[in-house]
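Visitor: Below are the structure tokens for one structure; questions will follow.
The values are calculated or read from the model by the stated rules, or taken from the named source; none is laboratory data. These figures come from a predicted structure and were not determined experimentally. We place every Cβ from the backbone using ideal geometry, glycine too, and count neighbours over all the protein chains shown. Ligands, DNA and RNA are stripped out before the accessible areas are found, and what is left, the full protein with its side chains, is counted by its heavy atoms. Shrake-Rupley method; radii C 1.70, N 1.55, O 1.52, S 1.80 Å.
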Amino acid sequence: MKVFVCIKQVPDTETKIKIRGDGNGIDTAGVKWVMNPYDEFAVEEAIKMRESGKATQVIAISLGPKARVNETLRTALAMGADEAIAIDAGEDLDSYTTAKALAAAIRAEGEFKMILTGKQAIDDNQSAVSQMLAEFLGVPHATVISKIEYADSQVTVEREVEGGTREVIQLTLPAVVGANKGLNAPRYASLPGIMKAKKKTIKEIAINTLDTGDGDVRTQFVGFQLPPDKPAVKMIPGDAAAATAQLAKLLREEAKVI
Amino acid sequence: MSTITVFAEFANGQLKKSALELLTAARASGQKIQAIALGSGAKGLVDQLAQYGVDEAYLGDNAAFDQYNPEVFSKAVGDVLAAQKPATVLAASTMLGRDLFPRIAARLKAGIASDCTELNLAGGELKVRRPMYAGKCTAGVNFKSSDTRIIVMRPNQLPTGQPEGKKSTQVHDVAAPAGDLKTLIKQVVKGASSKLDLSEANIIVSGGRGMKEPANFKMLEELADVLGATVGASRAVVDAGWVPHNMQVGQTGKTVAPTLYIAAGISGAIQHLAGMSGSKVIVAINKDANAPIFQKATYGIVGDALEVVPLMTAEFKKLLH
Ligand SMILES: Cc1cc2nc3c(=O)[nH]c(=O)nc-3n(C[C@H](O)[C@H](O)[C@H](O)COP(=O)(O)OP(=O)(O)OC[C@H]3O[C@@H](n4cnc5c(N)ncnc54)[C@H](O)[C@@H]3O)c2cc1C
Ligand SMILES: Nc1ncnc2c1ncn2[C@@H]1O[C@H](COP(=O)(O)O)[C@@H](O)[C@H]1O
């Protein structure tokens, strides 16, 4: 059985974000790119499935500008993925078009049983592609998953919701599962892994050869703004007792939040 | 006139605050309002919905909806929306809303904007903004098609209006979908916390490594009890095993935007700030006057959190009780 892992490349969290000249995106010059942290859990899980004999093949798939996408896919190959597919597309496609293209590419590969994603890409914050992908493939989904158990034709997953409550969900395969932190501890790519990954070929697909297209774009992010400068902090002087009394007063009378 | 459909979550027979926020925004827009509510007791919401100006209520008063199941909910809600074709759908960015609406958007071929923090429906327009890149910037959203547009709003971003007057709300039944399911909820293990979830809390008291040891989180619990707050934590203390992961605030934890966020013994690393810098008022207590958290704070106290937190509890008790 084949396992697909969807991975996205995102700016490293330490990267300073600058806004592009037209205001409709970020300036990518000088940005350090990394694999979306939640997707690392998905890759690790897929490789573990193969190692324990529950899957025969791990296929990493990523959509975005070719050069960047290839870099992330190499990382997945170096971690242990068997094959990689790059869907070459422009910057800033929306969740809808992304999910549609991923679904088309996965369907074309065939024999999909399990599709792993991250619960959220930390650039666009949408938490949408996993569910949309499942809908387009006509299969069930569960996201924010911190535990997966496998049986032949189904998986049982644990999803954490409000107040620390856990839902135990059984999905009939094929299914899309979105990984949360806590699912596993992603491995680092080993040196032999990196060497081996260099020799593997990445299959490239142009997005316009898939059953989708720019006409499908539903949303566009525009008018990017940096957060307004916060007024400077008010440091409250005095010993602990005096400061807390003053703080209580400020919270009630000035900030009016208690 | 175009239509706004609000997905209204409720608990114990009462609309959740996040639902009232959405209904208040919809009511002010002057457009036709529909509401969808699913679960046992939904019929009992009619009066509340009427007071928030709902013209038509789609209610699934059925135990089949008591536990969220993506397959069941996407079919039931998707069918209503596909038939009604509202211009705008509003839902709250709860665990349920975040999971459900992208799937419905795909089904309806609709555009979706998740986790929005600003919403403006005045004059028939739809303006939303949302944080991107872990809160380092915000962006507006252009909906490119004239189809349904789905907005999933973060709780605590919009005001709640008072119930007023009474519309004569038309009630429609939402039946539970029949047929075999590929998604089964086998078990629900209730969490220990009776407090509001971090993502919905209006006040949060968070502790970091500066609390020194796990037992000292008791002090934060006591402060939270006085304020009706929920307790959060930095990743450092989660990783150290002091508190469970569901209490973590930040980039790999929860994103929160309460009215008041109190950070005790938290340095203010960029990944922590990513999860809480949208808070309206931030209070920082740190013994290091140069801690980065002070750059984001509204009010700061340089001092020992173990001394300051209990004093705050006593002070707020005097003020509030
Ligand atoms: C990919 C990635 C994701 C991450 N995600 C998250 C996340 O989601 N959430 C998160 O929080 N972190 C996250 N981190 C970790 C983050 O970088 C910091 O390490 C973490 O937030 C530090 O926690 P802290 O402030 O409790 O501890 P420290 O940084 O050790 O700070 C402790 C603070 O307490 C102060 N202090 C000490 N004693 C006292 C006292 N008696 N009274 C008052 N103050 C005192 C100190 O001056 C110091 O400022 C992530 C890191 C990475 C690399
Ligand atoms: N461009 C992409 N290429 C491959 N996978 C993606 C892409 N965008 C999103 N995903 C997957 O979908 C998950 C959720 O992304 P998002 O809906 O953007 O928050 C991510 O963690 C990835 O696993």
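Visitor: Under a crude label model (7 Å from the Cα following the beta-carbon direction), how far is B:LEU184 from B:LYS166 in nanometres?
Guide: Inter-label distance under the simple model: 4.6 nm.
Visitor: Distance cut-off 28 Å, Cα to Cα: go down the list A:LYS198/B:LYS109; A:LYS147/B:LYS195; B:LYS166/B:LYS280; B:LYS254/B:LYS280; B:LYS190/B:LYS296; A:LYS147/A:LYS199 and report the pairs above it.
Guide: From A:LYS198/B:LYS109; A:LYS147/B:LYS195; B:LYS166/B:LYS280; B:LYS254/B:LYS280; B:LYS190/B:LYS296; A:LYS147/A:LYS199, over 28 Å: A:LYS198/B:LYS109; B:LYS166/B:LYS280; B:LYS190/B:LYS296; A:LYS147/A:LYS199.
Visitor: Could you give the radius of gyration (one decimal) and Dmax (whole number) of the Cα atoms in the stretch B:1-77, in Å?
Guide: For the stretch B:1-77, the Cα radius of gyration and maximum Cα-Cα distance read 12.0, 35 Å.
Visitor: Treat each spin label as a single point 7 Å out from the Cα along the C-beta direction, and report the B:LYS109 to A:ASN24 distance in nm.
Guide: Going from the B:LYS109 label point to the A:ASN24 one covers 2.3 nm.
Visitor: A follow-up question, please. Using only DSSP helix segments of four residues or longer, with each worth -39500 (n - 2.57), what per-residue ellipticity at 222 nm results for chain A after dividing by its residue count and rounding to 500?
Guide: It lands at -8500 deg cm²/dmol.
Visitor: Quick check on chain B: helices-only [θ] at 222 nm, where DSSP H runs of length 4 and up contribute -39,500 (n - 2.57) each and the sum goes over total residues. Nearest 500, please.
Guide: Rounded to the nearest 500, the figure is -8500 deg cm²/dmol.
Visitor: With only Lys, Arg, Asp and Glu charged, each at its Cβ (+1 for the first two, -1 for the last two), find how big the charge dipole of chain A is about the Cα centre; round to the nearest 20 debye. Working shown, then result.
Guide: Values: 32 positive and 35 negative charges, 116 e Å.
Rounded to the nearest 20 debye, it is 560 debye.
Visitor: Here's a follow-up. Stick to Cα atoms and the Kirkwood definition of Rh, then tell me Rg/Rh for the stretch B:213-321.
Guide: 0.93
Visitor: Can you give me the angle between helix A:240-249 and the longest principal axis of chain A, using Cα atoms only, in degrees from 0 to 90, rounded to the nearest 10?
Guide: In chain A, helix A:240-249 runs at an angle near 80 degrees to the longest axis.
Visitor: Have a look at B:LEU320, A:ALA185, A:ALA105 and report the one farthest towards the positive end of the charge dipole of the protein assembly as shown, computed about the Cα centre with Cβ charges (Lys/Arg +1, Asp/Glu -1).
Guide: Positive-most Cα among the choices belongs to A:ALA185.
Visitor: Could you give the angle, 0 to 90 degrees to the nearest 10, between helix B:70-84's Cα long axis and the longest principal axis of the Cα atoms of chain B?
Guide: In chain B, helix B:70-84 runs at an angle near 50 degrees to the longest axis.
Visitor: If you find the alpha carbon centre of the stretch A:178-227 and of the stretch B:237-303, how far apart are they in angstrom?
Guide: If you average the Cα positions of each part, the centres end up 31 Å apart.
Visitor: Which cross-chain or sequence-distant (5 or more) residues have an amide H under 5 Å from the amide H of B:GLY232, H modelled 1.01 Å from N in plane?
Guide: B:VAL205, B:SER206, B:GLY207
Visitor: Could I ask something else about it? Once the dipole of the protein assembly as shown is set up with Lys and Arg at +1 and Asp and Glu at -1 on Cβ about the Cα centre, which of B:GLN34, A:LEU226, B:ALA76 lies farthest towards its positive end?
Guide: The residue sitting farthest along the positive end of the dipole is A:LEU226.
Visitor: Suppose we take every Cα in the stretch A:125-201 and form the convex hull; what volume per residue is that in Å³?
Guide: 160 Å³
Visitor: Averaged per residue, what accessible surface does chain B expose to a 1.4 Å probe, in Å²? The partial results should precede the final answer.
Guide: Details: 12490 Å² over 321 residues.
Per residue, chain B has an accessible area of 39 Å².
Visitor: Separate question: Mind pulling the angle between the C-alpha long axis of helix B:17-29 and the longest principal axis of chain B? Nearest 10 degrees, somewhere in 0 to 90.
Guide: 50 degrees
Visitor: Rule-of-thumb check for the stretch A:1-45: C-alpha Rg over 2.2 N^0.38 Å?
Guide: That ratio works out to 1.50.
Visitor: Mind jotting down a quarter of the surface of the convex hull over the alpha carbons of chain A, in square nanometres, one decimal?
Guide: So the mean shadow area of the Cα hull is 18.4 nm².
Visitor: Seen from all sides and averaged, what is the projected area of the convex hull of the Cα atoms in the stretch B:47-130, in nm²? It would help to have the intermediate numbers written out before the result.
Guide: On the way: hull surface 25.6 nm².
Average of the hull's projected areas for the stretch B:47-130 equals 6.4 nm².
Visitor: Could you sort the residues of the stretch A:189-219 by number and keep only those whose accessible area is reduced by 40 Å² or more in the all-protein-chain setting relative to the chain alone, 1.4 Å probe?
Guide: A:ARG218, A:THR219
Visitor: What dipole magnitude, in Debye to the nearest 20, does the protein assembly as shown give about its Cα centre under +1 on Lys/Arg Cβ and -1 on Asp/Glu Cβ?
Guide: It comes to approximately 520 debye.
Visitor: With all protein chains present, how much of the accessible area of the stretch A:161-253 (probe radius 1.4 Å) comes from carbon and sulfur, to the nearest whole percent? Write out the running numbers ahead of the final one.
Guide: Details: 2940 of 5100 Å².
Carbon-and-sulfur percentage of accessible area, whole number: 58.
Visitor: Using only Cα atoms, locate the centre of the stretch A:5-55 and the centre of the stretch B:20-64, then give the distance between them in Å, rounded to an integer.
Guide: Spelled out, the Cα-based centre of one part sits 39 Å from the other.
Visitor: State the antiparallel share, in %, of DSSP beta bridges confined to the stretch B:102-166, rounding to the nearest 5.
Guide: Bridges in the stretch B:102-166 that DSSP calls antiparallel: roughly 65 percent.
Visitor: Is the shape of the stretch A:139-258 best called rounded, prolate or oblate, per the rule: a/c under 1.5 gives rounded, else a/b larger than b/c gives prolate, else oblate, with a ≥ b ≥ c the square roots of the Cα gyration tensor eigenvalues?
Guide: Judged from the Cα gyration tensor, the stretch A:139-258 comes out prolate (a/c at least 1.5, a/b above b/c).
Visitor: Now a separate question. Please name which of A:GLY138, A:GLN9, A:ILE61 has its Cα lying farthest along the dipole of the stretch A:1-146 towards the positive end, using unit charges on Cβ (Lys, Arg +1; Asp, Glu -1) and the Cα centre as origin.
Guide: A:GLY138
Visitor: While we're on this one: Extension gain B:GLU213-B:ALA64, at 0.36 nm per residue separation less the Cα-Cα distance, in nm?
Guide: Additional length available on full extension: 49.2 nm.
Visitor: Sticking with this structure for a sec: As a test of the definition: with a 1.4 Å probe, what buried accessible area, both sides summed, do you compute for A against B, in Å² to the nearest 100?
Guide: 7100 Å²
Visitor: In peptide B:302-308, how many Cβ atoms from other protein chains are near each Cβ within 10 Å, on average?
Guide: That works out to 3 on average.
Visitor: Given a Förster distance of 25 angstrom, what is the FRET efficiency for A:ALA206 paired with A:LYS32, based on the Cβ-Cβ distance and rounded to 0.05?
Guide: It comes to 0.40.
Visitor: Show B:PHE10, A:PHE4 ordered by accessible area, largest first, where the area counts protein heavy atoms only and the probe is 1.4 Å.
Guide: B:PHE10, A:PHE4
Visitor: Considering the Cα positions of chain B, please state its Rg to one decimal place and its Dmax as a whole number of Å.
Guide: 21.0, 62
Visitor: Further, regarding this structure: Quick check for you: with a 1.4 Å probe and neighbouring chains kept, what is the accessible area per residue of the stretch A:143-220, in Å²?
Guide: With all protein chains present, the stretch A:143-220 gives 50 Å² per residue.
Visitor: To one decimal place, what Kirkwood hydrodynamic radius in Å is obtained for the stretch A:1-147 from all pairs of distinct Cα atoms?
Guide: Computed over Cα pairs of the stretch A:1-147, the Kirkwood hydrodynamic radius comes out at 15.5 Å.
Visitor: Let me know the whole percent of all Cα-Cα pairs from the protein assembly as shown that are separated by more than 48 Å. Each step should come with its number before you reach the end.
Guide: Details: 17031 of 167331 pairs.
Tail of P(r) above 48 Å: 10 percent of Cα pairs.
Visitor: Then there is this: Per-residue mean of other chain beta-carbon atoms within 10 angstrom of the beta-carbon, peptide B:125-133?
Guide: 4
Visitor: What distance in nm separates the simple spin-label points at B:ASP147 and A:MET235, each placed 7 Å from Cα in the Cβ direction?
Guide: 5.5 nm
Visitor: Sticking with this one: Where the only charges are on Cβ atoms (+1 Lys, Arg; -1 Asp, Glu), what is the dipole of chain B about its Cα centre, to the nearest 20 debye?
Guide: On the way: 34 positive and 28 negative charges, 135 e Å.
Dipole size: approximately 640 debye.
Visitor: Taking all protein chains as present, what is the carbon and sulfur share of the accessible area of the stretch B:2-131, in % to the nearest whole number, probe 1.4 Å? Write down the numbers at each step before the final one.
Guide: On the way: 1870 of 3890 Å².
Result for the stretch B:2-131: 48 percent of the exposed heavy-atom area is carbon or sulfur.
Visitor: Turning to a different aspect of this structure: Evaluate peptide A:224-235: per residue, the Cβ atoms of other protein chains within 10 Å of its Cβ; return the mean as an integer.
Guide: Mean partner-chain Cβ count within 10 Å for A:224-235: 5.
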